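The values are calculated or read from the model by the stated rules, or taken from the named source; none is laboratory data. Because the structure is predicted, anything quoted here is derived from the model rather than measured. Here the Cβ is made from the backbone with ideal geometry for all residues, glycine too, and neighbour counts use every protein chain on show. For the accessible areas, the whole protein counts, side chains as well, though only heavy atoms, and no ligand, DNA or RNA atoms are used. Shrake-Rupley method; radii C 1.70, N 1.55, O 1.52, S 1.80 Å.
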Amino acid sequence: MGGVGRTLRVSILGVKVTEARKYHLSFQVLVPGQPPAAVVALNDRTLDAIRPDQVARTETAPLGTNPEFLNKVFILRLAEPLGNSLTPKLLLHVNLFAMPSIDSTSAGAIIAGKEVDELMGSATLQVRGDVAARLLRGER
């Protein structure tokens with residue numbers, strides 16, 4: 001049980017966007033080879049369905065181009081296969097969502113009869129080698 005109790009601390013230092021909208025971020029810890037969950041916008045029901053200790057979401061920030069989130073630090077549990085790996089790799093998937101624009105003449109995407117937030121950007125960050133090994137030992 002090498003991965004039991006191992007966590008990754010994610011801190012939001014800042015976000016800068018060009019269009020003033022209401023934004024939120026989502027995070028997901030992945031094991032190598034695992035695709036991110038097919039998540040359009042995380043809500044409480046979505047979190048229950050996909051490993052709630054390996055995903056997180058900020059609240060929706062007020063309208064602006066420099067969204068400030070009250071929740072800036074998240075602790076995510078690392079996947080079990082990661083802890084057993086001889087060459088550890090940490091993968092963190094990050095999504096930036098925006099609520100539909102007030103100025104837009106068209107509605108946002110409709111999924112299951114509901115308007116959903118727009119995916120503005122997405123990235124998968126990889127930490128490996130010595131840095132990953134240090135993090136898995138609990139060092140900074």
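Would you point out which residue out of 10, 17 is open to solvent by less than 50 Å² (accessible area, probe 1.4 Å), assigned to a loop (DSSP other than H, G, I, E, B), in contact with a Phe, Trp or Tyr (Cβ under 7 Å, 6 or more places away or on another chain) and modelled with pLDDT of 60 or more?
17
Quick one: count up the residues across region 20-38 that are touching a strand residue (DSSP E or B) at 6+ places or on another chain (Cβ under 8 Å), aliphatic (A, V, I, L, M) and at pLDDT below 90.
4
Tell me yes or no: at least one residue of region 125-138 is over 14 Å from residue 8 (Cβ atoms) and either in contact with a strand residue (DSSP E or B) (Cβ under 6 Å, 6 or more places away or on another chain) or modelled with pLDDT under 70 (or both).
no
Among (1) in contact with a helix residue (DSSP H, G or I) (Cβ under 8 Å, 6 or more places away or on another chain); (2) modelled with pLDDT of 85 or more; (3) surrounded by fewer than 17 Cβ atoms within 10 Å (Cβ to Cβ), there is one condition residue 57 misses while meeting the rest; what is its number?
(3)
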